[in-house]
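Throughout, read-outs are computed from the coordinates displayed, never taken from laboratory work. All of these numbers come straight from a predicted model, not from anything done at the bench. As a convention, Cβ positions derive from the backbone with ideal geometry for all residues, glycine included, and neighbour counts pool all protein chains shown.
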Amino acid sequence: MIGLFAAALLSAPWAHPLAFRPLPDWHTGASGNVRSAYVGKRNYASAPKESSAWIATGVRYRDPANADPPNATLKQLSPTGIIVWAVIYENPTASRSRITLDLARARHFACCEGAYVAGGDYELTGSGPSRAYSAIVRIYFGSPPTRTLHIRAQRALDQLRLPGPR
């Protein structure tokens with residue numbers, strides 16, 4: 001019985017894969033738990049996991065949920081379109097700082113590998129509770145973001161539910 005309890009605690013972040021809560025006029029999707037592409041080919045007792053999810057408006061999502069970046073979708077992003085994409089993954093060297101889901105704290109980058117996005121890529125990174133996993137959140141805008149687009153993107157970002165600690 002104690003062994004089952006310990007196993008449940010160790011897998012807690014993966015018990016409920018990453019997802020966005022529904023938001024009117026937005027579409028969502030998720031990968032579920034899949035083998036991680038973020039940790040390289042190290043020797044692990046079990047395959048490291050990742051879980052990704054997206055929420056989008058102003059575009060039909062065309063990529064697999066774990067595509068980073070989602071180039072086919074980005075190529076179709078309308079000027080008022082927004083995509084918020086997130087991934088969590090097992091990482092034994094997870095960042096000491098916890099991710100904060102606040103768009104005002106995001107770093108801005110020109111975007112992307114393979115698809116031009118007029119508004120660029122805003123990125124948040126950090127770890128989950130108790131450093132149980134690492135997290136990356138990317139926000140894509142179809143045009144340089146206005147205050148209204150920032151508010152809409154933050155509302156979508158607020159729908160992301162990160163799993164609890166181990």
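Points to keep in mind about this one:
- Here the 3J(HN,Hα) profile of region 102-113, calculated from phi with Karplus coefficients 6.51, -1.76 and 1.60 at θ = phi - 60°, is 10, 4, 5, 9, 6, 8, 9, 10, 5, 10, 8, 6 Hz, Gly and Pro shown as x.
- Amide H contacts under 5 Å for Ala19: Arg161, restricted to partners 5 or more places along the chain or on a different chain, H placed in the peptide plane at 1.01 Å from N.
- Thr125/Thr80 FRET efficiency (R0 30 Å; Cβ-Cβ; nearest 0.05): 0.70
- Region 58-166: GluC sites (Glu not before Pro) in DSSP loop, at most 15 other beta carbons within 10 Å: Glu113
- Taking amide H atoms as placed 1.01 Å from N in the peptide plane, the amide H of Gly126 lies under 5 Å from those of Ala135, each 5 or more residues away in sequence or on another chain.
- Ellipsoid equivalent to region 17-166 - semi-axes via the Cα gyration tensor, in Å: 25, 16, 14
- Two-site label geometry, Asp25 and Asp158: point separation in nm, points 7 Å out along Cα→Cβ: 1.5 nm
- On the basis of the beta-carbon distance and an R0 of 25 Å, Ala104 and Ala15 show a calculated FRET efficiency of 0.20.
- In region 47-130, one over the average inverse separation of all distinct C-alpha pairs is 14.0 Å, which is the Kirkwood hydrodynamic radius.
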